[in-house]
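Below: the structure, in structure tokens.
The values are calculated or read from the model by the stated rules, or taken from the named source; none is laboratory data. Being a predicted model, the structure only gives us computed values, none of them experimental. Quick reminder, even Gly has a Cβ in these numbers, built from the backbone with ideal geometry, and neighbours come from all protein chains shown. In case anyone asks, the SASA skips ligands and DNA or RNA and just uses the protein heavy atoms, side chains included. Shrake-Rupley method; radii C 1.70, N 1.55, O 1.52, S 1.80 Å.
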Amino acid sequence: MKIIADSGSTKTDWCLINGSGEIKTVQTIGLNPYFLDEDGVLNVLRKDLYPFLDNKKVEQVFFYGSGCALPHKKQVLQFALDFFFVHADVDVENDLLGAARSLCGAESGLVCILGTGASSCLYDGKQITERLPSLGYILGDEGSGAYLGKQLLSAYFSGEFPEHLQKLLAQKYPAELAEVLDKVYRQPFPNRFLASLVEFLNENKSDSFVKELVSSAFDIFFKKQVLRYENHAQYPLCFVGSVSFIFADELRKSAEKYGLTISKIEQTPLDGLLKYHK
């Protein structure tokens, strides 16, 4: 059996491919090493993945994960996966390389991820040649689900939200300020909580206030994560991730402000990675 996995901060999609080429997809929580240590990763694998496979029969694992850019963070996943898949060759790479291989294959491109988090890179058809730092949901991640959630909550609690949206949000998320602050500053996985608010923005995406909030976030993303690459306009511009997929029209309009055309937007990289590793 061969496994291809794409892991963000919120969820991990596992494609299990048997010897006949049949594919089964299993979903677990995201395995970001900034939020889970080796034991935490192993607990998820044993509890949520093991019921769907015999880990001793897996021969190859290609794992692409957020938070795996730095070697010491990558090692957290490498050690845990090596321990769990006892007979497999395990290859752990960061999610940007997975996105690049999925979206561009053997061609070059400027590749962007907009999901719970946000990141970008230049890809030459084989490897990442340049990437800007991804500073996470506190210092960066402009345009991401976590960033949109932060902007929404900031506008809501500071009284900038239109009254009709205030009522809708209070009905859907009847939380007091103290509860929200606890989730953001004290509870685990605050980035997931913030990104969960994208659902509300999607439900009200035709509202002018929401349009402006989303558009402003994407404008900042392009300034921070696209325009800073030298000769950025010479590369095909590709996006992957739930936020880019949900707000594809808004994203394309924001790109046009900077003379850019987006060549591809995909919800997940899995189909492209299946082709790449076929």
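Within the stretch 194-215, track down each residue that is in a helix (DSSP H, G or I) and either among the polar types (S, T, N, Q) or touching a Gly at 6+ places or on another chain (Cβ under 8 Å) (or both). I'd like the intermediate steps shown before the answer.
First, pick out the residues of the stretch 194-215 that are in a helix (DSSP H, G or I): 194-196, 198-203, 208-215.
Within the stretch 194-215, 194, 195, 196, 198, 202, 208, 215 meet the criteria.
Hey, does the stretch 180-193 have a residue that's free of Cβ contacts under 8 Å to residues at least 40 places away in the same chain, more than 30 Å from residue 124 (Cα to Cα) and assigned to a loop (DSSP other than H, G, I, E, B)?
Just the residues of the stretch 180-193 that are free of Cβ contacts under 8 Å to residues at least 40 places away in the same chain, to begin with: 180-187.
Now drop any that are not more than 30 Å from residue 124 (Cα to Cα), which leaves 180-187.
Within this subset, residues satisfying the condition of being assigned to a loop (DSSP other than H, G, I, E, B) are 186-187.
Yes - at least one qualifying residue is present in the stretch 180-193.
So which residues in the stretch 1-32 are among the acidic types (Asp, Glu) and either surrounded by 18 or more Cβ atoms within 10 Å (Cβ to Cβ) or modelled with pLDDT of 90 or more (or both)? Steps first, answer last, please.
Going residue by residue through the stretch 1-32, those that are among the acidic types (Asp, Glu) are 6, 13, 22.
Matches in the stretch 1-32: 6, 13.
Restrict the check to the stretch 146-162 and report whether at least one residue is at pLDDT 85 or above, within 15 Å of residue 225 (Cβ to Cβ) and touching a Ser or Thr at 6+ places or on another chain (Cβ under 6 Å).
Within the stretch 146-162, one or more residues are at pLDDT 85 or above, within 15 Å of residue 225 (Cβ to Cβ) and touching a Ser or Thr at 6+ places or on another chain (Cβ under 6 Å).
Restricting to the stretch 24-49, count the residues that are among the aromatic types (Phe, Trp, Tyr) and more than 16 Å from residue 94 (Cα to Cα). Steps first, please.
Looking only at the stretch 24-49, we keep the residues that are among the aromatic types (Phe, Trp, Tyr), and these are 34-35.
This time we only want the ones that are more than 16 Å from residue 94 (Cα to Cα), so: none.
Within the stretch 24-49, residues that are among the aromatic types (Phe, Trp, Tyr) and more than 16 Å from residue 94 (Cα to Cα) number 0.
For the stretch 134-143, indicate whether the set of residues that are in contact (Cβ under 8 Å) with a residue 24 or more places away in the chain, surrounded by 15 or more Cβ atoms within 10 Å (Cβ to Cβ) and over 29 Å from residue 120 (Cβ atoms) is non-empty. Steps first, please.
If we filter the stretch 134-143 for residues that are in contact (Cβ under 8 Å) with a residue 24 or more places away in the chain, which is where we start, we get 134, 136-137, 140-143.
With surrounded by 15 or more Cβ atoms within 10 Å (Cβ to Cβ) added as a condition, the list becomes 134, 136-137, 140-143.
Among the residues that remain, those that are also over 29 Å from residue 120 (Cβ atoms) are: none.
Scanning the stretch 134-143 turns up no residue that is in contact (Cβ under 8 Å) with a residue 24 or more places away in the chain, surrounded by 15 or more Cβ atoms within 10 Å (Cβ to Cβ) and over 29 Å from residue 120 (Cβ atoms).
Out of 103, 110, 70, report the one residue that is of a type in the set (A, V, I, L, M), under 30 Å from residue 255 (Cα atoms) and surrounded by fewer than 16 Cβ atoms within 10 Å (Cβ to Cβ).
Working: 103 fails: surrounded by fewer than 16 Cβ atoms within 10 Å (Cβ to Cβ); 110 fails: surrounded by fewer than 16 Cβ atoms within 10 Å (Cβ to Cβ).
After applying the criteria, what remains is 70.
Which residues, taken from the stretch 194-215, are small (Gly, Ala, Ser) and either in contact (Cβ under 8 Å) with a residue 24 or more places away in the chain or touching a strand residue (DSSP E or B) at 6+ places or on another chain (Cβ under 7 Å) (or both)? First the steps, then the outcome.
Quick first cut of the stretch 194-215, residues small (Gly, Ala, Ser) only: 195-196, 206, 208, 215.
Answer for the stretch 194-215, where residues must be small (Gly, Ala, Ser) and either in contact (Cβ under 8 Å) with a residue 24 or more places away in the chain or touching a strand residue (DSSP E or B) at 6+ places or on another chain (Cβ under 7 Å) (or both): 195, 196, 215.
Residues of the stretch 224-244 being on the phi < 0 side of the Ramachandran plot and without any contact (Cβ under 8 Å) to a residue 24 or more places away in the chain, which ones?
Our first condition is that a residue be on the phi < 0 side of the Ramachandran plot; within the stretch 224-244, this holds for 224-230, 232-240, 242-244.
Answer for the stretch 224-244, where residues must be on the phi < 0 side of the Ramachandran plot and without any contact (Cβ under 8 Å) to a residue 24 or more places away in the chain: 230, 234.
Run down 234, 267 and say which single residue is polar (S, T, N, Q), open to solvent by 70 Å² or more (accessible area, probe 1.4 Å) and in contact with a Phe, Trp or Tyr (Cβ under 9 Å, 6 or more places away or on another chain).
On the way: 234 fails: in contact with a Phe, Trp or Tyr (Cβ under 9 Å, 6 or more places away or on another chain).
Sole residue among the options that is polar (S, T, N, Q), open to solvent by 70 Å² or more (accessible area, probe 1.4 Å) and in contact with a Phe, Trp or Tyr (Cβ under 9 Å, 6 or more places away or on another chain): 267.
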